[in-house]
Each structure stands twice: as C-alpha cells, then as structure tokens.
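Colleague: Here it is, the structure, as structure tokens.
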Amino acid sequence: MCGIVGYLGLKEAYPILINGLRRLEYRGYDSAGVALINGGINLYKTKGKVSELEAFVVDKNTKGTVGIAHTRWATHGEPNEINAHPHFSESEKLALIHNGIIENYNVIKEKLIKSGVKFTSHTDTEVLIQFIEFIQKAEKVDLVKATQLALSQVVGAYAIVIVSRDEPDMMIAARNGSPLVIGIGKDEFHIASDASPIIEYTRDVVYLDDEEIAIIKRNEKLQIKTLKDQQKTPFVEKLELDLCALEKEGYEHFMLKEIFEQPKSIRDSIRGRLNIERDTIAMAGIIDFEQRFLNARRIIFTAAGTSWHAALVGEYLIEELARISVEVEYASEFRYRNPIIDERDVVIAISQSGETADTLAAMRLAKSKGALIYSICNVVGSSIARLSDAGSFTHAGPEIGVASTKAFTAQVTVLTLIALLLAQKKGTISKSKFNQLINELDTIPSKVEETLKVSEQVREMAKIFTYTRNFLYLGRGYNFPVALEGALKLKEISYIHAEGYPAAEMKHGPIALIDKKMPVVVIAPVSGIYDKVVSNIQEIKARKGKVIAIVSKGDKIVSALSDYVIEIPHTDEVLSPLLSVIPLQLLSYYIAVMRDCEIDQPRNLAKSVTVE
Ligand code: F6R
C-alpha cells in the first residue's frame, strides 16, 4: 500500500519519478504527489491517480535532479489533496514520503501541538516529518541524527524518504516493516517500494533491512546505518527482472495478460523442479529441512485473500498425499489469537507480494515460538522471502493487476510439487500414483492453454450476467477453494456481491437465496464426489436457480441439468483447481469489462497490503 519513489542523480528527476509512480500505482491510487529540489522545494499533489497529477503539473516548474514522489492508499485522513504526500515540515524545509502506519502518531502529535507546532493535514505522516524537524531544532542535531532519534520513538511500520531544502544533494531513506529498495546507477541513486521503477536504470540494488537508514549523497557512496548509529556495509544484489513483464504487451488490461500468461507461469514454476525421466522432484528448501517436514506435528499455512485460497488447496493436497495434518489460518486472525505453536510445527506463509503485513506478523510470531518458517512467495528480495528459514519462489513473474490470477495457479503448482515430494519421501504415495500425477502435472501448462480457448464463450456469457446483483459459487473437495476464489474475483473487480460455498453446505442456509434470478456457478469436473455435486445441482434446479457449470470435456449429466456449460480438459481431481479456476477468472474479467469497471485498479483496493 502506497508506492514511494526517489531519485538523485544527473538527469531530470520528474520524468523518472512519474514513470516510477506509474509502475507502483498498483499499490494505491487515492492521490499522488511529487517534491522536487530546485533552489527551494517545489511540491505538487492532487487527489486521484498519477495521470491527474501529471495533468496538474503540466504548466508547473518541474526542474530538478533530486526529488521524491508518492502514490497513496489512504489509511489516516481521507483521500484528498491536503492528505496527499509528500508532506512538508512546518518550515517547509523538509519534505517526506511514507508507506506504512505510525501507530503512536496521536501521542507525538499532541506533544508537538503543545509545543506550538501547527499541522495542516490529518495524516500520521505529517506528524513524522514535523517530529523530525522538531528534534532537529530542539536537540541541535543534523538531519540524519534527528531522523534516527525520531524513528527510535516511533511505533509502527514505515518506508520513508526525506529531502531537505538546506541539503539539496542528499536524500535520507529508512524502513521498518514496509519495503524499500535502493538502486545504484552510474552517478545516480533510485529509491522505490519495489524494483519495478528501478530496473530500466540499473540492476544493482540494495534492500534495506528493518531499522536501517540510508544516507544518499551526490558524489558519495551509499551509507547505511542503524537507528542506533551502527555503520553497515551495503549488500549489493543483482536484479533479475524482465522489463517486458512490466508492460501490457498488447493486452487491454494487465489482468487479461496475466490470465493468458498462466501456461508460462505454471511451466516456469515446474521448470527445474520436476524430472519426469527420473521420477524426482527437486526442491532445495524442502530437502534442507526434510526431517522437520517429515516429522512435523502439523503444517500450518498462513496467508490472506487469494493466497489463503491457495493454502486451502494445499491442505487438501498435503493431507491426502503426504498424510501430514494441516491447518489453514488467516494471518490476520492467527497473529492475534495466541495460537499453540512450537518447534514441532512447520509454518508455511503464502504470499504473492511477499509484503503482506499480517502474513509477516504471523510469521514473526511463529518464528518466536520455534516453528520452522517456510514461504511460498513470488517476489525475490521481499520481506516474507527474507524472513523465512527456507522457501520456494513461484516464478509467476510480476503480477500487476490488483486481482491475483497467475499467482494463484503458480502457488497451487508449487504446493502440488511440495505435497508430492513429501508424499514420496514419507512413502505415503504408491510409485504408480506418483508417476501418474507428475506426468499429469507436466501436461497442465498445455491443458491451461486449451482451457483458455473458452475465453470467447465466457465473454458472450458475461453479457447475460452484466447487471446481475448476486452470484453463488459452489464447489466440493479440491474445488471448494476454487469456488471461494471465483467469488472473490467477481467481488473485487466487478463489485457484484458473490459468495463461495462448499456445495453441500448450501442447504444449511444459502439455499434460501435461490430463485430464478440467482446464478449459481457450480464447479463440477470429474471427481470422486461428482455424484454428490449432481445432487446439489438438482437441489438448485428444483428452486429454479440458473446453473453455470464448469465441467470436464464431454460431460453429459451435469451438462443436461445446467443452463450454461463451460468445458475444461480432463485431469486428475487433485490437479483440477489449476484448470477450473481459469473460466472463473475470465468470467469476472469480462463482466467487469461490460460494467465498465477499473479492471487493474479496482476501487478501495491495493495490491500489496502493507498495513494491517
Ligand atoms: C485477491 C488479492 C488479494 C491478495 C491478498 C494477499 O485478488 O489480490 O486478496 O491475495 O491481499 O496478498 P499477497 O499474496 O501478496 O500476500
């Protein structure tokens, strides 16, 4: 949430900063702002998206080779121009951008007000920059020291960048809990919330750690210190990110591009791990901690949103194949409910962004109690990847559309590999079943390609349901989490109320909602409980509900009962979520297009939820 960018170098900063904000807009788009050093500080901000900031700034002075910029997802204070970042200190000598939340801002604000400091916004961020300036004056210390002293008294999460009118060739950055990357180019430095604004200028980056502060000065080397003033040696890493992956490449929206990328992202998540000839799965992270996994009392998944749905699929996979007891926890609940965990447990955090605040907090809690911390994550260098004892990356490539699609199928792919590997090591799967499943997994990328051919059919179907107000999604077994995921996708991007349910649970309540206006999406591929799902469909039809069925190719029984049928290729039930979720992603996408919704940046949402 919130994207921050900074630049200090020889080039004009403004175009670089705007370009960076566009890349980070997925993190929030309530307001945007920029501050440029050019003699004084020229600061411009507007409500709304980056494009509105650009329009506003068109006739302004944007000169300067040092600057900071911000795109906001509002936490404290409504999304308007006053609350937009950057924020000035009272003297307007300092400007600050911030991603995160200062939890004790009220206490600090009251103290400052008593000392005569005047505030203009309702944000926690303004409190921080006013506090830094207050300390600078009161303690007669330089800006670095004042920042260290202020941050030592702050409770909460932050990634910040500060510029100063009096020291125009310097930027100060710091982080605690929110992500921050520093790019080191030739005679220039870039700062950003993630690597996407940096990649076209340099591949050399430094990821700041919690409670570290970076001092960036023209013609000097990057300096890193802790809040307690301990000097640190910057660890420079090479970025491996493909610039094309950050562009729409001819698709109308990132979401559609990402849906269509799934054959590749699944293939990339399998590549180098699955060896069909030798019947082996190579996953270094699991093998390094093989005994901890095999002897685990429980595996506990912790995640949020779509990643939590992937974790539910993981529960079915690991319990069925590897016979290890699994629990799936919302990170936001787990962290506050004093869970019973010890060193016999393995906690697996699942996250696309690797920055979700609740997931990070759940991991820290589990770590403090001695559990092994594993992560399944899409972003190399992210906080979740760095906090784990070991992990497996999903290799889905950058996911930019706010609604998660290819990350989900990549997570389920990695979970399938983990379940199969653990089952093989534990001896809970027969050689022939293992063989059959790995061979089938290997065909999944091409079966996803085939599934994507339903796109036109789903687009036509979306026309029928454009103005429907409620949807029900039902599935059983491996496809129950897919029902949840389908409903979430529809809610997120088309703002239609939708609920996902285990199909048989319907008669314990939701069945009361069914009438001829209620479309019910039933995920019913061939499975061990196919007959049970058929009965559930009959219950819906008896109440005149409209059934949209996702079935295996050539299906006769469910197809005869349903109003609309979408066929997917045959696969083993265990792998079916990787196919059955695709038409649901497309359905939500096309309905949202017909409703003229903001597909890649749905209202009120942000991609990387770095506040709790
Ligand atoms: C749904 C979606 C969110 C995320 C959730 C967790 O389309 O994008 O529900 O899945 O915020 O995010 P990560 O996976 O980055 O931890």
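The values are calculated or read from the model by the stated rules, or taken from the named source; none is laboratory data. Since the model is a prediction, treat every value here as computed from it, not as a measurement. So basically every Cβ, Gly included, is an ideal-geometry build from the backbone, and we count neighbours across all protein chains shown. The area values use the complete protein model at the heavy-atom level, side chains included, leaving out ligands, DNA and RNA. Shrake-Rupley method; radii C 1.70, N 1.55, O 1.52, S 1.80 Å.
Colleague: A303 versus (1) within 16 Å of the ligand (Cβ to nearest atom); (2) over 27 Å from K491 (Cβ atoms): which is the lone unmet condition?
Modeller: Failed condition: (2).
Colleague: Select, from P179, P168, the only residue that is under 20 Å from the mean Cα position of the chain (by Cα), of a type outside the set (S, T, Y) and part of a loop (DSSP other than H, G, I, E, B). It would help to see each step written out before you state the result.
Modeller: Numbers: P168 fails: under 20 Å from the mean Cα position of the chain (by Cα).
Checking each option against the conditions leaves just P179.
Colleague: Would you check if there is a residue in the stretch 442-458 being under 30 Å from I514 (Cα atoms) and open to solvent by 40 Å² or more (accessible area, probe 1.4 Å)?
Modeller: Yes, some residue in the stretch 442-458 is under 30 Å from I514 (Cα atoms) and open to solvent by 40 Å² or more (accessible area, probe 1.4 Å).
Colleague: I need a count of the residues in the stretch 8-25 that are open to solvent by less than 10 Å² (accessible area, probe 1.4 Å) and touching a strand residue (DSSP E or B) at 6+ places or on another chain (Cβ under 6 Å).
Modeller: 7
Colleague: Out of the residues in the stretch 489-509 that are open to solvent by 40 Å² or more (accessible area, probe 1.4 Å) and either in contact (Cβ under 8 Å) with a residue 60 or more places away in the chain or within 18 Å of the chain's Cα centre (by Cα) (or both), state the one that is farthest from the ligand (Cβ to nearest atom).
Modeller: So, considering only residues that are open to solvent by 40 Å² or more (accessible area, probe 1.4 Å) and either in contact (Cβ under 8 Å) with a residue 60 or more places away in the chain or within 18 Å of the chain's Cα centre (by Cα) (or both), the one farthest from the ligand (Cβ to nearest atom) is Y495.
Colleague: Checking the condition open to solvent by 30 Å² or more (accessible area, probe 1.4 Å) and in contact with a helix residue (DSSP H, G or I) (Cβ under 6 Å, 6 or more places away or on another chain), which residue from I276, I287, I281, I259 passes?
Modeller: Criteria check complete, one pass: I276.
Colleague: Look at G545 and say whether it is in contact with a Pro (Cβ under 9 Å, 6 or more places away or on another chain), under 16 Å from P481 (Cα atoms) and assigned by TED's automatic domain parsing to the domain that holds L317.
Modeller: no
Colleague: So, one more: For I350, are the conditions met, namely being touching a strand residue (DSSP E or B) at 6+ places or on another chain (Cβ under 6 Å) and buried (at least 23 other Cβ atoms within 10 Å of the Cβ)? It would help to see each step written out before you state the result.
Modeller: Working: touching a strand residue (DSSP E or B) at 6+ places or on another chain (Cβ under 6 Å): yes; buried (at least 23 other Cβ atoms within 10 Å of the Cβ): yes.
For I350, the condition - touching a strand residue (DSSP E or B) at 6+ places or on another chain (Cβ under 6 Å) and buried (at least 23 other Cβ atoms within 10 Å of the Cβ) - is met.
Colleague: So G250 ticks every box in (1) modelled with pLDDT of 90 or more; (2) more than 30 Å from L149 (Cβ to Cβ); (3) surrounded by fewer than 21 Cβ atoms within 10 Å (Cβ to Cβ) but one. Which box is left unticked?
Modeller: The number of the failed condition is (1).
Colleague: On to the next question. Here are the criteria: (1) closer than 21 Å to S196 by Cα; (2) among the aliphatic types (A, V, I, L, M); (3) within 11 Å of the ligand (Cβ to nearest atom). Tell me which single one I350 does not satisfy.
Modeller: All conditions are met except number (1).
Colleague: Would you point out the residue of the stretch 353-370, among those that are surrounded by fewer than 24 Cβ atoms within 10 Å (Cβ to Cβ) and part of a loop (DSSP other than H, G, I, E, B), that is nearest to the ligand (Cβ to nearest atom)?
Modeller: K369
Colleague: Does the stretch 220-235 include one or more residues that are assigned to a loop (DSSP other than H, G, I, E, B), of a type outside the set (D, E, K, R), free of Cβ contacts under 8 Å to residues at least 24 places away in the same chain and outside the structural domain of P398 (by TED's automatic domain parsing)?
Modeller: Checked the stretch 220-235: at least one residue is assigned to a loop (DSSP other than H, G, I, E, B), of a type outside the set (D, E, K, R), free of Cβ contacts under 8 Å to residues at least 24 places away in the same chain and outside the structural domain of P398 (by TED's automatic domain parsing).
Colleague: Could you check how many residues of the stretch 579-605 are out of contact with any His (no Cβ under 6 Å at 6 or more places or on another chain), within 16 Å of the ligand (Cβ to nearest atom) and open to solvent by less than 10 Å² (accessible area, probe 1.4 Å)? Steps first, please.
Modeller: Taking the stretch 579-605 as the starting set, the residues that turn out to be out of contact with any His (no Cβ under 6 Å at 6 or more places or on another chain) are 579-598, 601-605.
Next, only the ones that are within 16 Å of the ligand (Cβ to nearest atom) stay: 581-582, 584-589, 591-592, 597-598, 601-605.
Going one step further and asking which of them are open to solvent by less than 10 Å² (accessible area, probe 1.4 Å), we end up with 581-582, 584-589, 591-592, 602.
Result for the stretch 579-605: 11.
Colleague: Continuing with this model, one more query. Are there any pairs with C-beta distances below 8 angstrom linking a residue in the stretch 325-340 that is in the same structural domain as E315 (by TED's automatic domain parsing) to a residue that is assigned to a strand (DSSP E or B) and surrounded by fewer than 17 Cβ atoms within 10 Å (Cβ to Cβ), with the two at least 6 apart or on different chains, and if so which?
Modeller: That search, which allows pairs on different chains as well, returns S325/R298; V326/R298; E327/R298.
Colleague: Could you tell me which numbered condition S576 fails, if it satisfies all but one of (1) in the same structural domain as N435 (by TED's automatic domain parsing); (2) farther than 30 Å from S446 by Cβ; (3) open to solvent by less than 10 Å² (accessible area, probe 1.4 Å); (4) polar (S, T, N, Q)?
Modeller: Condition (2) is where S576 drops out.
Colleague: Might you check whether a residue that is touching a strand residue (DSSP E or B) at 6+ places or on another chain (Cβ under 7 Å) and within 17 Å of G305 (Cβ to Cβ) occurs anywhere in the stretch 364-372?
Modeller: The first filter runs over the stretch 364-372 and keeps only residues touching a strand residue (DSSP E or B) at 6+ places or on another chain (Cβ under 7 Å), leaving 366-367, 371-372.
Still in the running and within 17 Å of G305 (Cβ to Cβ): none.
Taking every residue of the stretch 364-372 in turn, none turns out to be touching a strand residue (DSSP E or B) at 6+ places or on another chain (Cβ under 7 Å) and within 17 Å of G305 (Cβ to Cβ).
Colleague: How about the stretch 86-124: which of its residues are of a type in the set (A, V, I, L, M) and assigned to a strand (DSSP E or B)? Let's see the steps before the verdict.
Modeller: Kept after step one, since they are of a type in the set (A, V, I, L, M), are these residues of the stretch 86-124: 94-97, 101-102, 107-108, 112-113, 117.
Correct list: L94, A95, L96, I97, I101, I102.
Colleague: While we're looking at this one, here's another question. Just give me the residues in the stretch 371-383 being among the small types (G, A, S) and either in a helix (DSSP H, G or I) or within 11 Å of the ligand (Cβ to nearest atom) (or both), in sequence order. Step through it out loud before you land on a result.
Modeller: Residues of the stretch 371-383 that are among the small types (G, A, S), as a first pass: 371, 375, 381-383.
The answer is S375, S382, S383.
Colleague: Taking G401 as the residue in question, decide whether it is small (G, A, S), more than 13 Å from the ligand (Cβ to nearest atom) and in the same structural domain as A487 (by TED's automatic domain parsing).
Modeller: Judged against the criteria, G401 is not a match.
Colleague: OK, next. Going by the structure shown, is E456 away from the ligand (no atom under 16 Å from the Cβ) and more than 27 Å from the chain's Cα centre (by Cα)?
Modeller: In short, yes.
Colleague: Give all pairs with beta carbons closer than 8 Å in which a residue from the stretch 530-555 that is part of a helix (DSSP H, G or I) meets a residue that is among the basic types (K, R) and at pLDDT below 90; count only pairs at least 6 apart in sequence or on separate chains.
Modeller: Every condition considered, the pairs that remain are E539/K507.
Colleague: Take the residues in the stretch 327-347 that are within 15 Å of the ligand (Cβ to nearest atom) and outside any helix (DSSP H, G or I), then tell me which one is most open to solvent (accessible area, probe 1.4 Å).
Modeller: Restricting to residues being within 15 Å of the ligand (Cβ to nearest atom) and outside any helix (DSSP H, G or I), the top hit is Y330.
Colleague: Can we say R386 is of a type outside the set (F, W, Y), assigned to a helix (DSSP H, G or I) and open to solvent by 10 Å² or more (accessible area, probe 1.4 Å)? Spell out how you get there, then give the answer.
Modeller: On the way: of a type outside the set (F, W, Y): yes; assigned to a helix (DSSP H, G or I): yes; open to solvent by 10 Å² or more (accessible area, probe 1.4 Å): yes.
The answer is yes for R386.
Colleague: Related question: Are any residues in the stretch 6-42 touching a residue at least 60 places away in the same chain (Cβ under 8 Å) and polar (S, T, N, Q), and if so, which ones?
Modeller: Hit for the stretch 6-42 is N19, nothing else.
Colleague: Among the listed residues A159, A146, A174, which satisfies the condition of being under 16 Å from G381 (Cβ atoms) and buried (at least 17 other Cβ atoms within 10 Å of the Cβ)?
Modeller: A159
Colleague: Could you list, in sequence order, all residues of the stretch 385-398 that are within 23 Å of G20 (Cα to Cα) and within 13 Å of the ligand (Cβ to nearest atom)?
Modeller: Scanning the stretch 385-398 gives A396, P398.
Colleague: Also, I was wondering about something else. Among the numbered criteria (1) away from the ligand (no atom under 16 Å from the Cβ); (2) touching a residue at least 12 places away in the same chain (Cβ under 8 Å), which single criterion is violated by A282?
Modeller: Condition (2) is where A282 drops out.
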